Structures are given as structure tokens and as C-alpha cells.
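Chemist: Would you mind keeping the following structure in view while I ask a few things?
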Amino acid sequence: MSSSSASSTPTSTSRRWLPLMFGYPVLAMAGVLTHRQGFSLAACALLLTVLMVPALSSRRPLPWAGWLGALAAMAWLGLHGMAGLLLECVPIAINVLLACLFGRSLRAGHAPLIARIIEALEGPERLRVRGVADYARHLTWFWTLLTAAQALVLTVLLFCAEPGGLLSTLGVATPWPVPAELAQSYAHVGGYMLIASAFLLEHVFRRWHLRHVHHPSLHELVLGVATRWPKLVRGEDPASP
């Protein structure tokens, strides 16, 4: 394969777009703080586009139709003043999706998602080292429970924010009123900081707990997971680039 064709693969394309993911929380918070729906719509459109880059780069008509249809739906919601609600639902959807991805891999007869990641980055022989396979299963359980719990917390915040929560909007008394600024800040910044902090703390703990094993650097880990994520989720050969 020539270098020009290799550079156009879905993996390399996804890697080039990955830094744009950091624009999502910036645009989301701009929408929350300025109450301008344009920022909220831009945040959702950017997130959708980055997540769909691997599928769009295949140039198949179905992903492009889905992407354009989703953008059209976002525009319709924006025209009807519901872009803010769309933005509030994004963190919940992300955590539900992650909880399902991690949880489904724990079914009997399936390799836990963390085990797939280890195999992709360090080879299948790493899973045969003492303690690694058990740790991979326990860590998959940890991410399943953490993301599921966060989805529940975010749902409560969406319903109970005062003012602007779904319950107050519907005229229903809120059992646990939460200041709207606190709810929105956690949904669009705090929740992602929690995930990032858990990722960093687990990385430190793993290097101590499995100190008899060589570990990839944090940069190698993040880049490796990001570029192989679509194949890992689909259960394809994780070792292929």
C-alpha cells in the first residue's frame, strides 16, 4: 500500500480529527454561559462529526445519510428552541453508551473490553501474565458501574435543575432541587473531569498493582485506544492498526 493510500485509512483520519474533540466542552460551556443556542448546536454537531469520522471516511452512502439526517434534526431542534435540551442529553447518552459497551463485553463467552485494549496495545501474551486477565475483567466492571452511575446522576440533574430542569419546566415540584449552574457545569465539564481523573488514577494504581509488568506510557495508551476504538467496540482484530 502506498503512503498516500495509507494516510487515508479510517484510523489515520480519525487520529487527525481527534484533537477537535476538545472543542466540544468549550462550545458546550459557551452555550451554557451565554445562553446562545448556536454554541450548543455547534458543540453537538462537532461531537457527532468526530464520532462518525471512521464511518464517514469509508465513503459509504448510509453513514453520510445518517450524518446529514442527524444534522438536519439538530437544526430543526434549534429552530424550535430546543438546542439546550439536546445539549443536556448528550452527556447522558455518552455515559449510557459507554456503560453498555463495557457491560456487554462482560457477557459469558466474550472478552472484556479492557482485555481487548490490552491485547491491542501489548499483544495477547500480556493477558497470560499473572494477574493481568483478572485485573482486566475487574477494571471493565469498574468502568461499567462508573459510567452507569454517572448516567443516573446526570439524569437526576437534568430533571431536578432549578430553574430550567425538566420537572420545573413541566410545572412539577422538584424533590431534590439543584442550582441550574451547578447542574450544567457538572454535565458539561465536571462529568468529563471525573472520567479523566478516574482514568489517570487508575493508570497510576495499575502501574503499582501490576508493577511486575511493563506498561505503555500514558501517551501511548491514550493514542492507542483512540485510534483502535472503532475496531475494539466492533470486536474485530484489535491488533491490526
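The values are calculated or read from the model by the stated rules, or taken from the named source; none is laboratory data. Given the structure is predicted, the values throughout are model-derived calculations rather than measurements. Here the Cβ is made from the backbone with ideal geometry for all residues, glycine too, and neighbour counts use every protein chain on show. With ligands, DNA and RNA removed, areas are computed over all heavy atoms of the protein, side chains included. Shrake-Rupley method; radii C 1.70, N 1.55, O 1.52, S 1.80 Å.
Chemist: Under 8 Å between Cβ atoms, which residue pairs at least 6 apart in sequence (or on different chains) link something in region 129-150 that is over 18 Å from residue 204 (Cα atoms) with a partner that is open to solvent by 50 Å² or more (accessible area, probe 1.4 Å) and not in a helix (DSSP H, G or I)?
Modeler: Between residues of region 129-150 that are over 18 Å from residue 204 (Cα atoms) and residues that are open to solvent by 50 Å² or more (accessible area, probe 1.4 Å) and not in a helix (DSSP H, G or I), the close pairs are 129/212; 130/212.
Chemist: Next question. Among 152, 139, 106, 157, which is the only one that is at pLDDT 85 or above and open to solvent by 60 Å² or more (accessible area, probe 1.4 Å)?
Modeler: Of the residues listed, the single one that is at pLDDT 85 or above and open to solvent by 60 Å² or more (accessible area, probe 1.4 Å) is 152.
Chemist: Then there's this: Assess whether residue 172 counts as being among the β-branched types (Val, Ile, Thr), open to solvent by 50 Å² or more (accessible area, probe 1.4 Å) and either more than 20 Å from residue 222 (Cβ to Cβ) or assigned to a helix (DSSP H, G or I) (or both). Even if it seems obvious, please write down each step before you answer.
Modeler: Details: among the β-branched types (Val, Ile, Thr): yes; open to solvent by 50 Å² or more (accessible area, probe 1.4 Å): yes; either more than 20 Å from residue 222 (Cβ to Cβ) or assigned to a helix (DSSP H, G or I) (or both): yes.
In short, yes.
Chemist: When you scan region 71-80, do you find a residue that is over 21 Å from the mean Cα position of the chain (by Cα), open to solvent by less than 60 Å² (accessible area, probe 1.4 Å) and in contact (Cβ under 8 Å) with a residue 40 or more places away in the chain, even just one?
Modeler: Yes, some residue in region 71-80 is over 21 Å from the mean Cα position of the chain (by Cα), open to solvent by less than 60 Å² (accessible area, probe 1.4 Å) and in contact (Cβ under 8 Å) with a residue 40 or more places away in the chain.
Chemist: Could you please let me know if residue 136 is under 20 Å from the mean Cα position of the chain (by Cα) and farther than 22 Å from residue 220 by Cβ? Even if it seems obvious, please write down each step before you answer.
Modeler: On the way: under 20 Å from the mean Cα position of the chain (by Cα): yes; farther than 22 Å from residue 220 by Cβ: no.
For residue 136, the condition - under 20 Å from the mean Cα position of the chain (by Cα) and farther than 22 Å from residue 220 by Cβ - is not met.
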